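Worksheet: the structure to be examined is printed underneath.
The values are calculated or read from the model by the stated rules, or taken from the named source; none is laboratory data. What you see is a predicted model; the values in this text were computed from it and never measured. All Cβ positions, even for glycine, are placed from backbone atoms using ideal geometry, and neighbour counts span all protein chains on display.
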Amino acid sequence: MKIPVFTVDSFTNVPLKGNPAAVCPLKLELNDDLYQRIAAEMNLSETAFITKINSSDNFTTASRFRLRWFTPTTEVNLCGHATLASAAVLFQHEGNVNPTVVFETKSGDLAVSKQGDGYVMDFPANPPVQEDPAEFKDLIKAAVGDQPVQDICFSSTTKKLLLRLADSCDRSVLTGLKVDPAALIKSEKSGRVKGLIITIKGSPGCQQGFDFYSRYFAPWNGIPEDPVTGSAHTVLGCYWSKELGKTEMLAHQSSSRGGELKLQLKDRRVNISGEAVTVLQGTITL
């Protein structure tokens, strides 16, 4: 068996930046164990598998596909950067002729449209609710140490905990955090939290115009730190839209690779826009 595979850097137009995802367009569906073993072999934060819905479909003319995402250790219900990467493969490498493609996923239908040099993803909005810091004191300590925390929220839909550092902290505090994945796992074993977002408000007068910055950690799903995370921004977009009184925002995920996302909230959905660049194309032989 030969399976085509692409490595695509998402939320960037510069190779080796943004968040890399492996994408496999499949003629036939595989069993779950094989999906997981391929994802472990690729060893990226996510490997996406695109399959045709009808046997008569092809990757060039069809507008609807099935899409699943796997980390090296588990399947996830929502992934932004691998969805963006999957659309880029369809449009750039399979020559898909439609202006919009729709992916059937565990999070419902996700539409991705071409826009200029990039793509716009129509994702569900996942507003978080405020939480009592005492319930997460060990996790907070493991994540940010003694840095001041201004707000703590949780999205039960995505199982993501959001920590907002105090506005007195600048971006260097966020980027300088040394977060130990093992310490995070040790401090939170209830299963309630599967991802940790740490965020700060954008600096007034910032030249790039970023409304907020963030980092994202998901060692509970085999991802010590994710470079740029679309699913986290379904939570962040809702949070910062309320805090800033804006429905359109520019975000920066401040990992070592870094990435930019444009967000627009509308009707309980969030449009997440970004670019993508392919850095590798090959074949998996089984």
Quiz item: Scanning for something in a helix (DSSP H, G or I) and of a type in the set (A, V, I, L, M, F, W, C), does region 191-203 turn up at least one residue?
Solution: no
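Does region 47-70 contain at least one residue that is in a loop (DSSP other than H, G, I, E, B), within 16 Å of the chain's Cα centre (by Cα) and surrounded by 17 or more Cβ atoms within 10 Å (Cβ to Cβ)? It would help to see each step written out before you state the result.
Taking region 47-70 first, the residues in a loop (DSSP other than H, G, I, E, B) are 53-63.
Still in the list and also within 16 Å of the chain's Cα centre (by Cα): none.
Scanning region 47-70, I find no residue that is in a loop (DSSP other than H, G, I, E, B), within 16 Å of the chain's Cα centre (by Cα) and surrounded by 17 or more Cβ atoms within 10 Å (Cβ to Cβ), so the answer is no.
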Quiz item: Of the residues 66, 37, which is farther than 26 Å from residue 225 by Cα and among the charged types (D, E, K, R)?
Solution: 66
Practice problem: Only strands (runs of 3 or more DSSP E) wholly contained in region 101-186 count here; list those with 1 or more residues that are polar (S, T, N, Q) and at pLDDT 95 or above. | Solution: 108-115, 149-155
Quiz prompt | Flag if residue 257 is touching an Asp or Glu at 6+ places or on another chain (Cβ under 7 Å), assigned by TED's automatic domain parsing to the domain that holds residue 148 and closer than 24 Å to residue 47 by Cα | solution = no
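Looking for something within 30 Å of residue 260 (Cα to Cα), among the hydrophobic types (A, V, I, L, M, F, W, C), touching a Leu at 6+ places or on another chain (Cβ under 6 Å) and buried (at least 17 other Cβ atoms within 10 Å of the Cβ) - is there at least one such residue anywhere in region 22-36? Lay out the reasoning, then the answer.
Initial filter on region 22-36 (within 30 Å of residue 260 (Cα to Cα)): 22-26, 35-36.
Subset that is among the hydrophobic types (A, V, I, L, M, F, W, C): 22-24, 26.
From what is left, the residues that are touching a Leu at 6+ places or on another chain (Cβ under 6 Å) are 22.
Next, only the ones that are buried (at least 17 other Cβ atoms within 10 Å of the Cβ) stay: 22.
Scanning region 22-36, I find at least one residue that is within 30 Å of residue 260 (Cα to Cα), among the hydrophobic types (A, V, I, L, M, F, W, C), touching a Leu at 6+ places or on another chain (Cβ under 6 Å) and buried (at least 17 other Cβ atoms within 10 Å of the Cβ), so the answer is yes.
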Quiz item: Could you say which residue among 235, 279 is among the aliphatic types (A, V, I, L, M), closer than 29 Å to residue 38 by Cβ, out of contact with any helix residue (DSSP H, G or I) (no Cβ under 6 Å at 6 or more places or on another chain) and buried (at least 24 other Cβ atoms within 10 Å of the Cβ)?
Solution: 235
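State whether one or more residues within region 64-87 are farther than 25 Å from residue 157 by Cβ and in contact (Cβ under 8 Å) with a residue 12 or more places away in the chain. Show your work before the answer.
Just the residues of region 64-87 that are farther than 25 Å from residue 157 by Cβ, to begin with: none.
No.
Taking the criterion of being in a loop (DSSP other than H, G, I, E, B) and on the phi < 0 side of the Ramachandran plot, would at least one residue in region 33-43 satisfy it? Full working, then the answer.
Of region 33-43, the ones in a loop (DSSP other than H, G, I, E, B) are 43.
Filter again for on the phi < 0 side of the Ramachandran plot, leaving none.
No, region 33-43 contains no residue that is in a loop (DSSP other than H, G, I, E, B) and on the phi < 0 side of the Ramachandran plot.
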Exercise. Give region 67-86 a look and list any residue that's of a type in the set (A, V, I, L, M, F, W, C) and closer than 11 Å to residue 21 by Cβ, or say none.
Key: 69, 70, 79, 82, 84, 85
Quiz item: Taking region 143-171 only, how many residues are farther than 27 Å from residue 79 by Cα and of a type in the set (S, T, N, Q)?
Solution: 3
Practice problem: State whether one or more residues within region 78-92 are surrounded by fewer than 21 Cβ atoms within 10 Å (Cβ to Cβ) and assigned to a loop (DSSP other than H, G, I, E, B). | Solution: no
Practice problem: Please find, within region 13-32, the residue that is nearest to residue 1 (Cα to Cα) out of those that are within 18 Å of the chain's Cα centre (by Cα) and part of a strand (DSSP E or B). | Solution: 24
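If only one of 148, 128 is of a type outside the set (Ser, Thr, Tyr) and in contact (Cβ under 8 Å) with a residue 24 or more places away in the chain, which one is it? Outline the logic, then answer.
Values: 148 fails: in contact (Cβ under 8 Å) with a residue 24 or more places away in the chain.
Every option except 128 fails the conditions.
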Quiz prompt | Flag for residue 106 being out of contact with any helix residue (DSSP H, G or I) (no Cβ under 9 Å at 6 or more places or on another chain) and outside the structural domain of residue 260 (by TED's automatic domain parsing) | solution = yes
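Which one is nearest to residue 250 (Cα to Cα), of the residues in region 194-223 that are touching a Phe, Trp or Tyr at 6+ places or on another chain (Cβ under 7 Å) and not charged (D, E, K, R)? Can you show your working first?
If we filter region 194-223 for residues that are touching a Phe, Trp or Tyr at 6+ places or on another chain (Cβ under 7 Å), which is where we start, we get 194-197, 199-202, 211-212.
Still in the running and not charged (D, E, K, R): 195-197, 199-200, 202, 212.
Numbers: 195: 22, 196: 20, 197: 17, 199: 14, 200: 13, 202: 10, 212: 7 Å.
Top of the filtered list is 212.
Can you confirm whether region 249-261 contains a residue that is farther than 23 Å from residue 172 by Cα and within 13 Å of the chain's Cα centre (by Cα)?
no
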